[in-house]
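*Asks:* Questions regarding the structure given below will be posed in turn.
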Amino acid sequence: MIRSAFPKLLSNYQRNLIQYMSLHKKKIHISVLLAGLLISSIEAQAQLPRKAEFELKKVKAEKSDRVKHILEKMRSSRKEFNLQEESDFEEINSESDEFGETHVRLQQKYKNLKVWGATVVAHLSAEKHLRQHSGKILPSPHIDTNARLLPENAILIAEHDLGKKVEYDTKPIAELIIYPVSEHRVAERFKNEKHLNADMMEEIPLRNLLAYHVHLNAENNPAGGVSMDYIIDANTGDVISKWSRLFNAHAIATSSRSQYNGVVSINTNSYSALGTSGYELRDMQRGNTLRYGESVAGNTVWYARPEGTGETSVDIATDTTNTWGDGFNYTAGAGNDTRQTAAVDTAYAIAATWDFLKKIVNREGLDNKGTAVRAIILDQGTGANATWFPSSLTGRFGAGDSSNNYKNMNSLDIVAHEMGHGVTAAGSALGLTGKVESRQLNEAVSDVLGTMVEFYVRGGAWAAGSTTIPNAASGANWTLGDQVNVPRLMNNTTTWTGTDSSAAPHIGGLPFSRAFYLLAQGGNGVTALGNDTAFRIFYRAWNYYFNASTDYVGARQAMITAARDLYGSGSIQEQSVWNAFGVIRVGPMWTSNACGTLDSGRQLNYSGIKSCNGLYTLQVNADGYMALYNGQNAIWYTNTGGNTLAYAAMQSDGNFVLYKSLQQTGPQAALWNTETWDYPQSYLRIADDGNLIVYTSTGLPLWSRVALPSNLLPVVGNGGNTSVNSAQLIPPTAPGVTSALNKNESHYYRIDIPAGKTLKADFVGRALTSTYGGGVTPYWNDKWEISISSVLGGDTMTATDAYNPRKTVSYTNTSAATISAFVKVYQYIFTFSSEDVSIPHKYSVAFKIE
């Protein structure tokens, strides 16, 4: 039986409840742990099981009920999410997949206002088990929602900042929102690292603003298309942020001449009206759902306004004989046949991309509803560029720039790239909140689609109606836009550097493009999966796990999750994802330390994780047991059956907990736990001998299924070492120490350092949040402090960051003899309430002499 203990809670209310119970010696018996028994009826699972067609039809028929179920579950979990009753969730979109899972994208709201950037995707299995949601849920903002600035004035401020006259397609509106302000920075413990990795960054919340979101949209503006977003402070009128939403990049005509694709067949539509007849570039077989404002369906290609007139009108591409194009690049003054050539290329590329999405991932068009798209070509305002207007499913493709040898901007990969922006806008909305890395990734995911469509077409798969993507094809390559002379390499050598925050989206997205290339083609220690497998992992992450604010670290985790869903935990496919992102310095490579590990913040459910030698698997089963398997035999399990929504989490506070469900995470819902809270960023390892071990982020064991040898265990602090004279002696073989401090208290440890050796002390302590700060925000001066000094004088001292209380400090014995060094741990807390003062705050220090 587990002794009196309680997993640290996620809300302030729950945390206070734990402290109250601890102080008053109340007993809670969470569960009885049974080990060493065999459960032959419980089988280990790999990837998600595919469902039969009748099961998928049932899930789709129950879509509205499933969405309602998810919303009810999310709303009933407000306390666990640290949300007040004024907070709510609203459906953005939803769809189901081949596993029978329903994915519902939700917008977080506060007092009926959007919390900007706070979108999550909830995942419900066919059996109605709710998996971990993707994305961020932010604490309730505690903000006055009465604006001083009128919405019409916010629009005027945005227009003034834009600085040019605009002829709007739709009237601008100003939407009142909650805008969280944060700082993206290198975590304190990594500030001295020479080679930054994306997972060394942290997002620090600063404040919440009441603001207006203003969108200015003008597709046919004479001075060039405009699609700008503004965040305007609703009280001061200041422009907080701004960014462009322009993402740059049934008769049959059987002998249409294109510039980039040779002689091709395209779908056209015959018409007869007002005494004239002919054919228009309207594909009646694709895009059968009407675009807003149109009376005829079908994907269409239009010519931009006539040269030099400044008109805002567009004309659908037509021909009287259904004989299109001459195969030449269009320049100003060229004839109608050359003009048609650009139309043929565009229509061909739209059809290819449409069919690619249907054949490869069973997607009905860009919005998965079959809504028609429109292309406007040879646009003067766009020039040597291509842009996408998400609100109207319209791409605008420039004529290029002959003076710089840029051809017409409608090659196959460029058109598919722009259509990728349409897929993103209809699904994850990646980058549409203005976050820099999210916008960079938006461009990168479109590059992936553009490249894969090119391989699909050039490799003959489209013509054959294939459902797979070839790995090689004549005329296909990993360079976007090479045919129009604006090449962008997927197989580049870039890495995430931490200095790309100001890089243009296309440039900042290159590391992701490289990661996908390595995933598909291999290299730099990455096992090639092939184009088809790589794209399926990518699409699942893009469509079901990315959200509006996903950054590089989030993209990596989404790709890992997608690989596990499709191919199983620890699979070659998952390993390749780890390694592809590791090459670009986003997370670690797959190593012996990565396999068999449940990292901080990760959850464990049906997919499970394997030991590095593949002999042992830990997973939570559908009936609520968490079990460790050797092959198909459960050698250890928790006696927690009957909890069909159970899941386990390696919490960021260091505790590994099995909960009744995602919605129930209080002490009353804990089925089992390791009692290792207050050691931030700890992780769980499945050893090759079948042991389960929870380690601190500094590598000290805190809990194990089977007892470890004493020489591997940290020394437990005696608590009486509050001065140099009472310093606790640490044996030279001990890996470290664990202890706990009260407010403004110090502990001292004595360690002998041989001549010429260096003592390294790696510290981590409980995050210094307090009830005064709502359980979330520490006072700016709260800190842990660690120092090393010696009898020779000379000392080193450093303070941790209140948010990320980990720090490494070292001391070198430069003398010719062994000396005694003293490690001091000090805790300075300014704001803890009287309740908090009585609670010791845990810490650990790993020692290494080298």
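*Asks:* Scan the stretch 55-79 and report the pairs whose first residue is within 23 Å of Ala669 (Cα to Cα) and of a type in the set (S, T, N, Q) and whose second residue is modelled with pLDDT of 95 or more and surrounded by fewer than 17 Cβ atoms within 10 Å (Cβ to Cβ), with Cβ atoms within less than 9 Å and a gap of 6+ or a chain change.
*Replies:* No pair meets every condition.
Residue by residue, here is whether (1) at pLDDT 95 or above; (2) within 16 Å of Leu432 (Cα to Cα) holds:
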residue	(1), (2)
Ser513	yes, no
Tyr517	yes, no
Gly523	yes, no
Thr527	yes, no
Phe535	yes, no
Ala541	yes, no
Ala548	no, yes
Val553	no, no
Ala558	no, no
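*Asks:* OK, next. Run Thr451 past the list (1) over 25 Å from Pro390 (Cα atoms); (2) part of a helix (DSSP H, G or I); (3) of a type in the set (Ser, Thr, Tyr) and report the number of the one that doesn't hold.
*Replies:* Of (1) over 25 Å from Pro390 (Cα atoms); (2) part of a helix (DSSP H, G or I); (3) of a type in the set (Ser, Thr, Tyr), only one is false for Thr451: (1).
*Asks:* Any residue in the stretch 139-167 that is hydrophobic (A, V, I, L, M, F, W, C) sitting within a Cβ distance under 6 Å of a residue that is in a loop (DSSP other than H, G, I, E, B)? List the pairs, counting only those 6 or more apart or interchain.
*Replies:* Ala147/Ala234; Leu149/Ala234; Leu149/Gly237; Ile155/Pro172; Ile157/Gly237; Val166/Asn221
*Asks:* For the stretch 404-441, give me each residue that is at pLDDT 95 or above and on the phi > 0 side of the Ramachandran plot.
*Replies:* none
*Asks:* Quick one: would you say Ser182 is crowded, with 18+ Cβ neighbours inside 10 Å, at pLDDT below 90 and farther than 30 Å from Gly225 by Cβ?
*Replies:* Considered against the rule, which asks whether it is crowded, with 18+ Cβ neighbours inside 10 Å, at pLDDT below 90 and farther than 30 Å from Gly225 by Cβ, Ser182 comes out as no.
*Asks:* With the requirement that a residue be among the small types (Gly, Ala, Ser) and closer than 16 Å to Ala670 by Cα, what does the stretch 612-626 give you?
*Replies:* Gly624, the sole residue that qualifies.
*Asks:* What are the residues in the stretch 603-660 that are assigned to a loop (DSSP other than H, G, I, E, B) and more than 31 Å from the chain's Cα centre (by Cα), if any?
*Replies:* The answer is Gly631, Gln632, Asn639, Thr640, Gly641, Gly642.
*Asks:* Note down all Cβ pairs under 6 Å where the first residue falls in the stretch 323-336 and is farther than 18 Å from Ala304 by Cα, the second is modelled with pLDDT of 90 or more and charged (D, E, K, R), and they're at least six residues apart or on different chains.
*Replies:* Final answer for the pair search is Asp326/Asp337.
*Asks:* For the stretch 313-329, name all the residues that are modelled with pLDDT of 90 or more, of a type in the set (Ser, Thr, Tyr) and assigned to a loop (DSSP other than H, G, I, E, B).
*Replies:* Hits for the stretch 313-329 are Thr320, Thr321, Thr323.
*Asks:* Given the conditions (1) under 33 Å from the mean Cα position of the chain (by Cα); (2) buried (at least 18 other Cβ atoms within 10 Å of the Cβ), report the number of the one that Gly717 does not fulfil.
*Replies:* So Gly717 meets the others, but not (1).
*Asks:* Can you find a residue in the stretch 63-84 that is in a helix (DSSP H, G or I), small (Gly, Ala, Ser) and modelled with pLDDT of 90 or more?
*Replies:* The answer is yes; a qualifying residue exists.
*Asks:* Moving on to the next point. Residues to consider are Ala461, Ala429; find the one that is closer than 23 Å to Val121 by Cβ and surrounded by fewer than 24 Cβ atoms within 10 Å (Cβ to Cβ).
*Replies:* That would be Ala429, the only listed residue that is closer than 23 Å to Val121 by Cβ and surrounded by fewer than 24 Cβ atoms within 10 Å (Cβ to Cβ).
*Asks:* Exactly one of (1) touching a helix residue (DSSP H, G or I) at 6+ places or on another chain (Cβ under 6 Å); (2) part of a helix (DSSP H, G or I); (3) surrounded by fewer than 24 Cβ atoms within 10 Å (Cβ to Cβ) is unmet by Asn492. Its number?
*Replies:* (2)
*Asks:* Could I ask something else about it? Which strands (runs of 3 or more DSSP E) sit wholly inside the stretch 330-432 and have at least 3 residues that are out of contact with any Leu (no Cβ under 9 Å at 6 or more places or on another chain) and under 17 Å from Gly225 (Cα atoms)?
*Replies:* 374-379
Residues are listed down the side, and each one gets a yes or a no for (1) outside the structural domain of Ala218 (by TED's automatic domain parsing); (2) under 30 Å from Ala52 (Cα atoms); (3) in contact with an Asp or Glu (Cβ under 9 Å, 6 or more places away or on another chain):
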{"position": "Val121", "(1), (2), (3)": "yes, yes, no"}
{"position": "His142", "(1), (2), (3)": "yes, no, no"}
{"position": "Ile155", "(1), (2), (3)": "no, no, no"}
{"position": "Glu159", "(1), (2), (3)": "no, no, no"}
{"position": "Leu162", "(1), (2), (3)": "no, no, no"}
{"position": "Val166", "(1), (2), (3)": "no, no, yes"}
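*Asks:* Shifting gears a bit: I'd like the residue in the stretch 208-243 that is at pLDDT 95 or above and among the charged types (D, E, K, R) and, out of all such residues, is surrounded by the most Cβ atoms within 10 Å (Cβ to Cβ).
*Replies:* Asp233
*Asks:* Another one. Determine which member of the set Asn547, Asn531 is buried (at least 24 other Cβ atoms within 10 Å of the Cβ) and touching a Pro at 6+ places or on another chain (Cβ under 9 Å).
*Replies:* Being buried (at least 24 other Cβ atoms within 10 Å of the Cβ) and touching a Pro at 6+ places or on another chain (Cβ under 9 Å) holds for just one of Asn547, Asn531, which is Asn531.
*Asks:* To continue, here is another question. Give the residues of the stretch 323-339 that are out of contact with any Ser or Thr (no Cβ under 6 Å at 6 or more places or on another chain) and closer than 18 Å to Gly298 by Cβ, sorted by residue number.
*Replies:* Of everything in the stretch 323-339, nothing turns out to be out of contact with any Ser or Thr (no Cβ under 6 Å at 6 or more places or on another chain) and closer than 18 Å to Gly298 by Cβ.
*Asks:* So which residues in the stretch 362-388 are surrounded by fewer than 24 Cβ atoms within 10 Å (Cβ to Cβ) and of a type in the set (Ser, Thr, Tyr), if there are any at all?
*Replies:* Listed by number, the residues that qualify are Thr371, Thr382.
*Asks:* Can you pull out every residue in the stretch 73-87 that is surrounded by fewer than 18 Cβ atoms within 10 Å (Cβ to Cβ) and more than 14 Å from His133 (Cα to Cα)?
*Replies:* Passing the criteria: Ser76, Gln84, Glu85, Glu86.
*Asks:* Here is a follow-up. Does at least one position in the stretch 254-264 carry a residue that is at pLDDT below 85 and either within 33 Å of the chain's Cα centre (by Cα) or farther than 14 Å from Ile155 by Cα (or both)?
*Replies:* Checked against the condition, which is being at pLDDT below 85 and either within 33 Å of the chain's Cα centre (by Cα) or farther than 14 Å from Ile155 by Cα (or both), the stretch 254-264 yields at least one hit.
*Asks:* Just give me the residues in the stretch 755-795 being modelled with pLDDT of 70 or more and β-branched (Val, Ile, Thr), in sequence order.
*Replies:* Across the stretch 755-795, the qualifying residues are Thr758, Val764, Ile786, Ile788.
*Asks:* Restricting attention to the stretch 163-179, and to residues there that are surrounded by fewer than 18 Cβ atoms within 10 Å (Cβ to Cβ) and modelled with pLDDT of 90 or more, which single residue is farthest from Val583 (Cα to Cα)?
*Replies:* Restricting to residues being surrounded by fewer than 18 Cβ atoms within 10 Å (Cβ to Cβ) and modelled with pLDDT of 90 or more, the top hit is Ile173.
The values are calculated or read from the model by the stated rules, or taken from the named source; none is laboratory data. Keep in mind that what you see is a predicted model, and the values were worked out from it rather than measured. Counting neighbours? That spans all protein chains shown, and the Cβs are built from the backbone with ideal geometry, glycine included.
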